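S.K.: Take this structure, written in structure tokens, and hold onto it; I'll ask about it next.
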Amino acid sequence: MTPEFTFQLLATDGRARRGEISMPRGTVRTPAFMPVGTAGTVKAMYLSQVRELGSDIILGNVYHLMLRPGAERVARLGGLHDFARWPWPILTDSGGFQVMSLAGLRKLTEEGVTFRSHIDGSVHELTPERSIEIQGLLDSDIQMQLDECIRLPAPREEIERAMELSLRWAERSAVAFGNQPGKAMFGIVQGGDQPDLRIRSAERLTAMNLKGYAVGGLAVGEPQHVMLETLDGTLPSLPTHKPRYLMGVGTPDDILQSVARGIDMFDCVMPTRAGRHGLAFTRHGRVNLRNAVHAEDPAPLDATSDCPATRDYARAYLHHLVRSNEALGGMLLTWNNLAYYQSLMAGIRDAISQGRFATYAAEVSEGWARGEALRKAR
């Protein structure tokens with residue numbers, strides 16, 4: 001741990017990078033997957049379990065926390081770390097994506113966005129300055145600029161308008177953030193699926209000399225190859241000595257492919273949301289526990305796993321819990337999924353250090369393919 005926010009590259013293998021982000025509340029080993037704790041909790045998990053699985057950092061969300069219980073209330077109660085009993089690093093996103101996707105009757109201007117809460121219809125305004133203020137009240141360690149994220153496909157002129165607005169908001173966010181020892185504000189590269197706009201966004205954000213950079217506006221409905229081509233075109237324009245965060249991504253394969261291109265940080269609701277809906281991620285690929293084929297299967301998801309949810313419970317029992325809508329089913333499968341994601345990240349980090357990342361990625365993908373072939377054969 002360090003009193004300052006620092007990023008150190010420890011090893012590279014091709015474009016894949018292993019590193020460490022150090023800050024007062026702890027060290028984040030990269031590549032890192034951040035479980036999503038939207039409203040101050042990782043759904044269906046105790047945060048002590050999340051830590052035991054290997055998570056160095058979790059994510060909180062401005063939009064949800066500002067609406068309930070309110071950032072000022074969280075601050076009065078000691079900040080999000082004390083409130084949630086998570087003393088390690090927290091990244092908060094700006095709330096912009098949720099405003100664009102969840103809120104009703106929103107009005108976007110140069111100043112910010114005015115919207116109605118999806119909870120009670122109350123009217124709120126979110127500006128770059130207010131987003132940073134909320135993140136300060138929550139006392140998060142990594143804070144994100146407010147940006148406008150639009151869904152793809154979209155007309156080029158709309159993508160460019162949103163990208164330019166996001167750049168102006170990045171400048172205002174940086175001024176509002178100021179100099180906070182031990183903390184960081186990240187800028188967000190936008191530009192949709194337009195390579196030249198992505199490069200322009202990345203270069204202008206780099207000129208702001210921020211402590212880290214995110215790639216946003218992906219995993220919003222575009223095919224995987226578009227996401228990967230965007231990373232290929234964008235990452236060379238970002239500094240190599242600062243962390244790179246791909247927002248909202250993704251599947252295990254998305255993570256492998258993005259690490260290969262130089263991404264250091266990920267977050268996604270997929271492992272927790274999938275677990276609550278009966279889908280397990282394993283080294284043998286995805287297993288849908290709703291399927292009747294598991295009704296009398298005494299085998300666990302993976303007898304070699306260190307995770308009790310994966311190793312100690314029969315697929316038949318998990319199938320029963322899921323089909324009966326028992327809360328325990330979602331809890332166990334979420335536990336399994338986060339365990340698998342953190343195991344995958346640990347394997348990635350080790351492989352990069354050993355100079356065998358490409359081999360490791362091929363072995364992991366082969367395991368998924370073998371598992372899928374066996375399931376089809378059944």
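None of the figures in this text is laboratory data; all of them are computed from the coordinates on show. The structure presented is a predicted model; accordingly, all values stated were derived computationally and were not measured. Heads up, the Cβs are rebuilt from the backbone with ideal geometry, glycines too, and the neighbour counts pull from every protein chain shown.
S.K.: What is the calculated FRET efficiency for Arg311 to Glu111, with r their C-beta to C-beta distance and R₀ = 45 Å, to the nearest 0.05?
M.R.: Computed FRET efficiency for Arg311 and Glu111: 0.25.
S.K.: Let me ask you something else. When the helices in the chain are scored as -39500 (n - 2.57) per DSSP H run of 4 or longer and the sum is shared across all residues, what 222 nm value do you end up with, to the nearest 500 deg cm²/dmol?
M.R.: Dividing the helical sum by the residues of the chain leaves -13000 deg cm²/dmol.
S.K.: If we count other beta carbons within 10 Å of each Cβ, what is the order of Val322, Val175, fewest first?
M.R.: So the ranking, lowest neighbour count to highest, is Val175, Val322.
S.K.: Under a crude label model (7 Å from the Cα following the beta-carbon direction), how far is Asp350 from Arg378 in nanometres?
M.R.: 2.7 nm
S.K.: Another question about this same structure. Using 0.36 nm per residue, how much length does the chain from Glu296 to Glu157 gain when fully extended, once their Cα-Cα distance is taken away?
M.R.: 44.5 nm
S.K.: If you don't mind, another one. Could you work out how much longer the chain between Glu4 and Ile119 gets when fully extended? Use 0.36 nm per residue separation minus the Cα distance between them, nm to one decimal.
M.R.: 37.6 nm
S.K.: Right, another one. Can you list the residues, at least 5 places off or on another chain, whose amide H is less than 5 Å from the amide H of Leu10, using H built in the peptide plane?
M.R.: When sequence neighbours closer than 5 places are left aside, the close amide H contacts are Arg18, Gly19, Glu20.
S.K.: Continuing with the same structure: Please say if the stretch 225-378 is rounded, prolate or oblate, where rounded means a/c under 1.5 for a ≥ b ≥ c the square roots of the C-alpha gyration tensor eigenvalues, and otherwise the choice is prolate for a/b larger than b/c and oblate otherwise?
M.R.: The shape class here is prolate.
S.K.: Now for a separate question. Of the residues Ala351, Ala202, Ala154, which exhibits the maximal mean-square fluctuation in a Gaussian network model of the chain defined by a 10 Å Cα contact cut-off?
M.R.: Looking only at Ala351, Ala202, Ala154, the biggest GNM fluctuation is shown by Ala154.
S.K.: By a straight-distance test (C-alpha under 16 Å), which aspartates and glutamates pair with Lys242 as possible cross-link partners, with residues fewer than eight away in the same chain excluded?
M.R.: Qualifying aspartates and glutamates at Cα under 16 Å: Glu4, Glu20, Asp141, Glu203, Asp264.
S.K.: Mind jotting down the distance between the C-alpha centroids of the stretch 306-355 and the stretch 134-208, whole Å?
M.R.: 34 Å
S.K.: Rounded to the nearest 20 Debye, what is the dipole magnitude of the stretch 275-377 about its Cα centre when Lys and Arg each give +1 and Asp and Glu each give -1 at the C-beta?
M.R.: It works out to roughly 260 debye.
S.K.: Give the order of Glu4, Glu20 when sorted by the count of other beta carbons within 10 angstrom, beginning with the fewest.
M.R.: Glu4, Glu20
S.K.: Which residue, Ala44, Val123, Leu77, has the largest displacement toward the positive end of the dipole of the chain when charges sit on each Cβ (Lys, Arg +1; Asp, Glu -1)?
M.R.: Result: Ala44.
S.K.: Name the shape class, rounded, prolate or oblate, that the alpha-carbon gyration tensor gives for the stretch 88-230, where a ≥ b ≥ c are the square roots of its eigenvalues, rounded holds for a/c under 1.5, and otherwise prolate holds if a/b is larger than b/c and oblate otherwise.
M.R.: Since a/c reaches 1.5 but b/c is at least a/b, the shape of the stretch 88-230 is classed as oblate.
S.K.: Taking 0.36 nm per residue of separation and subtracting the Cα-Cα distance, what length does fully extending Arg68 through Arg85 add?
M.R.: Roughly 4.4 nm would be gained on extension.
S.K.: Further question: How do His225, His319 rank when sorted from fewest to most other Cβ atoms within 10 Å of their own Cβ?
M.R.: The most exposed by this proxy come first: His225, His319.
S.K.: Here is a follow-up. Under 12 Å from the Cβ of Leu65, count the other residues' Cβ atoms, weight Lys and Arg +1, Asp and Glu -1, and hand me the total.
M.R.: Combined, the nearby Lys, Arg, Asp and Glu give -1.
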